[in-house]
Amino acid sequence: MPTNVIDPNTWVDKYSNYLFNYTIGRVNNREIAQDLVQETFFAGLKSMKNFKGEASERTWLVAILKRKIIDHYRKSNSKKGKAEVRMQQIGDTETEGDWLEEKVADPFELNAESEIENKELGKAIYQCLDKLPEKHADIFRLKTIQGFDTEAICNEYNITASNLWVIIHRARTAMASCLENNWFK
């Protein structure tokens, strides 16, 4: 039996800071984060009748917010090539073809040559992404570039976690091959 109740009169006081902090970590833009939180509250008001009380109010609002963030990235990704991407491929034999997003140089240490190289690599990555099947490219962007969690992507595309990882593996393999032929020559 559902035990949680919904009270939109308290949402701003109770959840706005949490939702904003959650969002800013994913979109890295203050205005966009504020807009997404506001859209979440509006969507929550519109769909209050759908709240079953099985989850907490905050969990329910976070689920709505995740959808808003995914929608935001869908819109921005339809304008391909706008964002700079910094990714590196691991080159040792044990991990050949693996991607490592964390191993990015400190942006304060970049020189002009590094910046040009990053822009060219970002362009090459997006050109290679364009060669992937659309679903694979979208899932690769969400998981690998934008860091969305597996559950959100699986829910959005109605796939299992193992299917997601197969798609990610195939996309990474295709990306590595494409970049090898077009960038690392």
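Residues 45, 36 ordered from highest to lowest accessible area at a 1.4 Å probe: 45, 36.
Estimate the FRET efficiency between residue 16 and residue 161 by the formula 1/(1 + (r/R0)^6), using the beta-carbon distance for r and 30 Å for R0, to the nearest 0.05.
Numbers: r = 31 Å, r/R0 = 1.04.
It comes to 0.45.
The values are calculated or read from the model by the stated rules, or taken from the named source; none is laboratory data. Every value quoted in this text rests on a predicted model; they were computed, and no experiment measured them. So basically every Cβ, Gly included, is an ideal-geometry build from the backbone, and we count neighbours across all protein chains shown. The accessibility values were calculated without ligands, DNA or RNA, using every heavy atom of the protein model including side chains. Shrake-Rupley method; radii C 1.70, N 1.55, O 1.52, S 1.80 Å.
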